[in-house]
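J.: Right, I'll just put the structure down here and ask away after.
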């Protein structure tokens with residue numbers, strides 16, 4: 001599509017405005033923002049059930065639109081792309097909140113277990129050793145460990161979160177377990 005600079009922004013199509021955004025025209029993004037902010041907030045509220053969270057999510061969507069402007073396919077409708085970005089972002093927020101809740105519940109259970117008089121001190125030592133070993137791992141390895149062993153997510157779920165093929169997640173977990181198991185064998189040998 002050829003950009004016609006003589007059309008007033010208020011009369012330009014969404015797709016034309018997006019082409020201008022790709023060219024770095026901030027006024028075009030401002031026009032899209034004014035057109036869709038309220039509508040997207042209502043849409044996001046349907047997912048998040050919280051007005052402030054919905055507004056924050058929409059702000060983030062417009063930041064993504066700006067950051068991903070070169071990924072916009074001009075053969076596609078802008079409105080569909082924008083609503084897809086918004087829906088995916090809201091789903092990520094909900095998933096993150098669910099994971100946070102699950103982590104807090106797990107931490108509470110761990111705390112309660114620690115308060116039990118018969119708590120196995122060996123488990124405490126093992127967890128501390130794993131934490132020490134993870135400190136020397138890459139961010140990707142730490143994320144794999146947390147998603148799989150702390151949050152108990154499936155390989156498929158991890159692949160979706162990390163935007164990796166499932167095979168990469170499987171091999172990453174395999175090598176991480178191998179990397180962690182060698183130093184942990186010393187602890188196991190103490191009890192044999």
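Every number here is computed from the coordinates shown, using simple stated rules; none is lab data. Computed from a prediction, not measured in an experiment: that's the story for all the values here. Here Cβ is always computed from backbone atoms with ideal geometry, including for glycine, and neighbour counts include all displayed protein chains.
J.: Return the only residue of 49, 53, 26, 91 being surrounded by fewer than 17 Cβ atoms within 10 Å (Cβ to Cβ), in contact (Cβ under 8 Å) with a residue 24 or more places away in the chain and out of contact with any strand residue (DSSP E or B) (no Cβ under 6 Å at 6 or more places or on another chain).
T.: 91
J.: Among (1) under 25 Å from residue 98 (Cβ atoms); (2) surrounded by fewer than 15 Cβ atoms within 10 Å (Cβ to Cβ), where does residue 125 come up short?
T.: For residue 125, the failing item is (1).
J.: Considering the range 73-103 alone, what residues qualify as being over 20 Å from residue 32 (Cα atoms) and touching a helix residue (DSSP H, G or I) at 6+ places or on another chain (Cβ under 8 Å)?
T.: Result: 91, 93, 94, 95, 103.
J.: Restricted to the range 67-83, and to residues that are under 19 Å from the mean Cα position of the chain (by Cα) and surrounded by 12 or more Cβ atoms within 10 Å (Cβ to Cβ), which residue is nearest to residue 47 (Cα to Cα)?
T.: Ranking the candidates gives 83 first.
J.: Please report, ordered by residue number, the helices (runs of 4 or more DSSP H) entirely within the range 1-95 with at least 2 residues that are under 23 Å from residue 160 (Cα atoms).
T.: Output list reads 26-48, 51-67.
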